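Following: one structure in structure tokens, then a few remarks.
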Amino acid sequence: MKRGKFIALEGGEGAGKSTQARLLAEALQKIGQTCVITREPGGTPGAEAIRGLLLGTEGEGWHPRAEALLFAAARSDHVERLIVPALERGEWVICDRFVDSSRAYQGGGGGLSDAEVLDLHRIGSGGLLPDLTLLIEVTPAIVAQRLALRDGDQADRIGGRHADYHAAVVAAFRRFADAEPHRFARIDGDGPARAVHAAILSALGPLLP
Ligand code: T5A
């Protein structure tokens, strides 16, 4: 059995990752591919329970190291129970965020070193990396408009952090993509969803059957 392909979508808050994950899954299904669409934190019952702990707004929250450990624990369960089995069945896995989110948020935004985040990923998930990571980049003013329209003034614990934190996250994603161009495709997310989808299909070209 040929191993499936693992695609991650990354970017700042509200960049359009979930929208694009759905459009990509539909496009793959149309050409006869089986795919699993999933998200982080989450994707398995255990990881979804950890998601509630991480993103809920009750209580005093987590300090940066505890937060990084919880994301790594959720990812470990997700990789072991959902992602690797699907890849071994030859399926596509489309994942809304993966380890580069931990590098950008707990590292770039939260102050852990990149080596620390990658160590946690090695211990928890064997260092698994996607075949391709699509980094969706949207101009901050455009994303702010989209999120205001969708969420009003509601945000989860991490989404509600200061603008400087989110600017550091976006800058970290850009650095990772520039440093590893073979692993990332940078996608302009400013246009209509269908135009962004077309850019994603073109970036995926070499991986498509
Ligand atoms: N996190 C996560 C970490 O800190 N470390 C980690 O390791 C991981 C895995 C997850 C939070 O956890 C943090 C990051 C996050 O803060 P989440 O709710 O999953 O929380 O947060 P997001 O991933 O940011 O999810 P969002 O739903 O907010 O953003 P998406 O999925 O990027 O955006 P989407 O597709 O829902 O679109 C947002 C809105 O814009 C519209 C959509 O209809 C929607 O209303 N839209 C467009 N409008 C116009 N043109 C387009 N091209 C559009 N694309 C989407």
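The values are calculated or read from the model by the stated rules, or taken from the named source; none is laboratory data. No experiment lies behind these values; they were computed from the predicted model shown. Methodologically, a virtual Cβ is constructed for each residue, glycine included, from the backbone with ideal geometry; neighbour enumeration extends over all protein chains shown. For the accessible areas, the whole protein counts, side chains as well, though only heavy atoms, and no ligand, DNA or RNA atoms are used. Shrake-Rupley method; radii C 1.70, N 1.55, O 1.52, S 1.80 Å.
Residue pairs whose Cβ atoms lie under 6 Å apart, sitting 6 or more positions apart in sequence or on different chains, and linking a residue in the range 1-30 that is closer than 16 Å to Glu137 by Cβ to a partner that is modelled with pLDDT of 95 or more and part of a loop (DSSP other than H, G, I, E, B), are Ala8/Phe98; Ala8/Pro130; Ala15/Val138; Ala15/Gly189; Gly16/Gly189; Lys17/Gly11. What's the number of the only condition in (1) in a helix (DSSP H, G or I); (2) within 28 Å of Ala193 (Cβ to Cβ); (3) open to solvent by less than 20 Å² (accessible area, probe 1.4 Å) that Ala141 fails to meet? Looking at each condition in turn, Ala141 falls short on (3).
The number of residues in the range 20-44 being of a type in the set (Gly, Ala, Ser) and touching a helix residue (DSSP H, G or I) at 6+ places or on another chain (Cβ under 9 Å) comes to 3.
Given the criteria more than 8 Å from the ligand (Cβ to nearest atom), among the acidic types (Asp, Glu) and open to solvent by 30 Å² or more (accessible area, probe 1.4 Å), does Glu26 qualify? Spell out the reasoning first.
Numbers: more than 8 Å from the ligand (Cβ to nearest atom): yes; among the acidic types (Asp, Glu): yes; open to solvent by 30 Å² or more (accessible area, probe 1.4 Å): yes.
Yes; evaluated as a whole, the condition is true for this residue.
Tally time: how many residues in the range 14-58 are outside any helix (DSSP H, G or I) and among the hydrophobic types (A, V, I, L, M, F, W, C)? Final tally of qualifying residues: 5.
Quick one: is Ala68 open to solvent by less than 40 Å² (accessible area, probe 1.4 Å) and assigned to a helix (DSSP H, G or I)?
Numbers: open to solvent by less than 40 Å² (accessible area, probe 1.4 Å): yes; assigned to a helix (DSSP H, G or I): yes.
For Ala68, the condition - open to solvent by less than 40 Å² (accessible area, probe 1.4 Å) and assigned to a helix (DSSP H, G or I) - is met.
Taken over the range 166-190, residues that are within 13 Å of the ligand (Cβ to nearest atom) and open to solvent by 30 Å² or more (accessible area, probe 1.4 Å) amount to 5. In the range 33-64, the residue that is most open to solvent (accessible area, probe 1.4 Å) out of those that are more than 13 Å from the ligand (Cβ to nearest atom) and in contact (Cβ under 8 Å) with a residue 24 or more places away in the chain is Thr34. Take the residues of the range 88-109 that are of a type outside the set (Asp, Glu) and surrounded by fewer than 21 Cβ atoms within 10 Å (Cβ to Cβ): which is nearest to the ligand (Cβ to nearest atom)? Residue satisfying both the conditions and the ranking: Arg89. Within the range 118-138, take every residue that is closer than 24 Å to Leu53 by Cα and within 13 Å of the ligand (Cβ to nearest atom) and give me the one that is surrounded by the fewest Cβ atoms within 10 Å (Cβ to Cβ). Out of the qualifying residues, it is Leu118.
Return yes or no: is Ala115 more than 10 Å from the ligand (Cβ to nearest atom), part of a helix (DSSP H, G or I), farther than 17 Å from Ala172 by Cα and not acidic (Asp, Glu)? It is false that Ala115 is more than 10 Å from the ligand (Cβ to nearest atom), part of a helix (DSSP H, G or I), farther than 17 Å from Ala172 by Cα and not acidic (Asp, Glu).
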